[in-house]
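Everything below concerns the one structure shown next.
No lab work stands behind these numbers, since they all come straight from the coordinates. Model, not experiment: these values are computed from the prediction. Glycine gets a Cβ as well: all are built from the backbone with ideal geometry, and neighbour counts include every protein chain shown.
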Amino acid sequence: MEPKYIFVTGGVTSSLGKGIICSSLGLLLATRGLRVTIQKLDPYINVDPGTMNPYEHGEVYVTDDGAETDLDLGHYERFLGIPTSQDNNVTTGRIYYDVITKERQGAYLGQTVQVIPHVTDEIKSRVKAIGDSGEYDIVIVEIGGTVGDIEGLPYIEAMRQLRYDVGRQNTLSIHLTLVPYLKAAGELKTKPTQHSVKTIYELGMQPDMLVCRAEVPLDHGIRRKIAQFCNVEIEDVIASLDARSLYEVPLLMKEEGLDQRVIRKLQIKADEPDLSNWIRFVDAVSHPEHRIRIALVGKYVDHQDAYMSIVEAFRHAGAVNSCEVDIVWVSSDQLNAQNAEKKLKDVSGILVAPGFGGRGIEGKLEAISRARTQKMPFFGICLGMQCAVIEFARNVCGWKDANSTEFDPDTYYPIVDLMLEQKNIHDKGGTMRLGAYDCALEEGSNSARAYGEHMISERHRHRYELNNKYLEDLESNGLLVTGRNPERNLVEIVEAEDHPWFVGVQFHPELKSTVERPHPLFVNFVGAALKYANENGLVAHLQGNKEEKPVLK
Ligand code: GLN
């Protein structure tokens, strides 16, 4: 079958959940036996989001092949369960970078280089490259931003052209819009949707289907009105109501017939979707037997998108343990020895988050020290692992000045230091140790038990590493190296001896947790925290929750 392309645009406002709609549609099509991938086109001029701060952009998601990408790729992987790559995220910065590089190389043979056709051709070639790979039946292309944005124009134009290049029958355009409810008027309003669709007409595109975000159900009359004014069939007006959890969205979309309409319009023959695993997962999330509190200590707790994959990994791991993980957000730069008792009250586990720069480090060390001495389960990720080593060096080995050279270049004990190959790198974008690396696990360790394997592969994003010079001393004091990269002998995992669950990892396990394959370290960590909670009377038992009406049939 020729690959089919589904373009998804958004209108009226941002934050309508385009990424979740794309992921949900992708899942519904994949469970029908189709090979699906999702590509995100981002109209900003950064080459990738790697250089943006988490307040701007939320989490930077890293793929196996080391691309720093938009956090929507995380949703795509969590829903579809298949890895994405650098080809799945294209930005205007990347497009222009390549066009200008080609121009400097003389590739345009003296032509005037213009947005149309050179920039639009470059965009089209990126989309087609995925379709032409032969790996997929369906390529869903999510266009970032909102129609009408100046920076989005070349993308809409590229989509318009592509519809003819690959044949109209092989493409579908879905527009996501908002149908607001005006309380004072007691009515849903369709005008913003009409205007938004009109904006796309002006750019030469006609949406085939509309997904309408609304707070209250769309009745037949409203659907008819939208269909009539926006040139679509009434069955192609799909309502997307607020869901209790983003994992319920595929089920709501199925009820609305989104995937059914899509395969019909694209004339694809496909099996009925089998969503039984997904439904089991959503049921487990909505009806946990226990609830525990786990502290997430980080610098951006007032901007939780920065930790999106960690939050979702907890949800996956919670479902496995039949346990709701209530995350207690603790701002590391406001945590100290005086208030730690209060701020970490009633938690059964502590996760110290990844990050960059020295702000909040002392708070992280305080949290780690409490987890270590109180034998409470601790999970340190990347910077969190580096902090665990610093805390151990200072408080157990007695090296008072121990630090990472990231925060104190002159420390007498540089127990965390720049990796050798990083020493001469000054450019910021895409220059860290990025992407998947192997890690050999030490038999008998908590990590090896969790994974049930000897060799694993995990994704990285860091410049600093544990300084091998201090390993022997750290180990003899009880901080064991339980995971190592075999090629370069880099420390990837440390664990505290004589502690039920104290694990620090240099990589980012959260990036590989999916609904289908919850991450073993998160599953194990939540299991250990649940045990701690049980032993210390910190667990809420929720059997009563069963009376809550299941959302699913
Ligand atoms: N700042 C640390 C480093 O570069 C940790 C990075 C991270 O947590 N992702 O090594």
Translational diffusion coefficient (Stokes-Einstein; Kirkwood radius from C-alpha pairs) of segment 1-110 at 4 °C, 1.567 mPa s, in µm²/s:
84
Between Ser240 and residues 5 or more places away or on another chain, which pairs have amide H atoms under 5 Å apart, with H built 1.01 Å from N, and which residues are they?
Cys212, Arg213, Ala214
Given a Förster distance of 56 angstrom, what is the FRET efficiency for Asn536 paired with Ser14, based on the Cβ-Cβ distance and rounded to 0.05?
0.80
Under the 0.36 nm per residue contour assumption, what length would be gained going from the current alpha-carbon distance of Glu497 and Glu272 to full extension?
75.9 nm
Packing rank of 23-36, 418-431, 469-482, 77-90, where each peptide gets the mean count of other beta carbons within 10 Å, highest leading:
23-36, 77-90, 469-482, 418-431
Just for the Cα atoms in segment 449-498, what are the lengths along the principal axes, largest first, rounded to whole Å?
28, 28, 17
Would you mind calculating the gained length between Glu235 and Glu56 on full extension (0.36 nm times residue separation, minus the Cα-Cα distance), in nm to one decimal?
60.7 nm
Cα-centred dipole magnitude for the chain, charges only on beta-carbon of K, R (+1) and D, E (-1), debye, nearest 20
1360
Rounded to the nearest 0.05, what FRET efficiency is calculated for Asn477 and Asp283 with R0 set to 51 Å and r the Cβ-Cβ distance?
0.65
Once R0 is set to 25 Å, what does the formula 1/(1 + (r/R0)^6) return for the Cβ-Cβ distance between Ala129 and Leu203, expressed as a FRET efficiency to the nearest 0.05?
0.60
Using a 7 Å offset from the Cα along the Cα-to-Cβ direction at both Asp305 and Asp242, what is the distance between the two label points in nm, to one decimal?
1.8
Pop a pseudo-label 7 angstrom from the Cα along the beta-carbon direction at both His195 and Leu109 and give the gap in nm to one decimal.
4.7
Answer with one residue from Thr101, His508, Ile20: the one whose Cα lies farthest towards the positive end of the charge dipole of the chain, charges on Cβ with Lys, Arg +1 and Asp, Glu -1.
Ile20
For Glu516 and Thr405, compute 0.36 nm times the residue count separating them, minus their Cα-Cα distance, and round to one decimal in nm.
36.1 nm
Treating only the Cβ atoms of Lys and Arg (+1) and Asp and Glu (-1) as charged, compute the dipole magnitude of segment 110-234 about its Cα centre; round to the nearest 20 debye.
560
Of the options Gln114, Gly74, Val352, report the single residue whose Cα projects farthest towards the positive end of the charge dipole of the chain (beta-carbon charges: Lys, Arg +1; Asp, Glu -1).
Gln114
Using only the Cα atoms of the chain, each taken as one equal point scatterer with no solvent, compute I(q) by the Debye sum, divide by I(0), and report log10 of the ratio at q = 0.11 Å⁻¹.
-1.04
Expected vector for segment 413-418, Karplus 3J(HN,Hα) from phi with 6.51, -1.76, 1.60 and θ = phi - 60°, integer Hz, x for Gly and Pro, equals 10, x, 6, 10, 9, 4
Magnitude of the Cβ-charge dipole (Lys and Arg +1, Asp and Glu -1) of segment 229-383 about the Cα centre, nearest 20 debye, reported as 880
So who's got an amide H within less than 5 Å of the one on Gly349, skipping anything under 5 residues away but keeping other chains? H placed 1.01 Å off N, in plane.
Ala295
Taking only the alpha-carbon atoms of segment 149-274, what semi-axes of the equivalent ellipsoid follow from 5 times the gyration tensor eigenvalues under a square root, in whole Å, largest first?
24, 21, 13
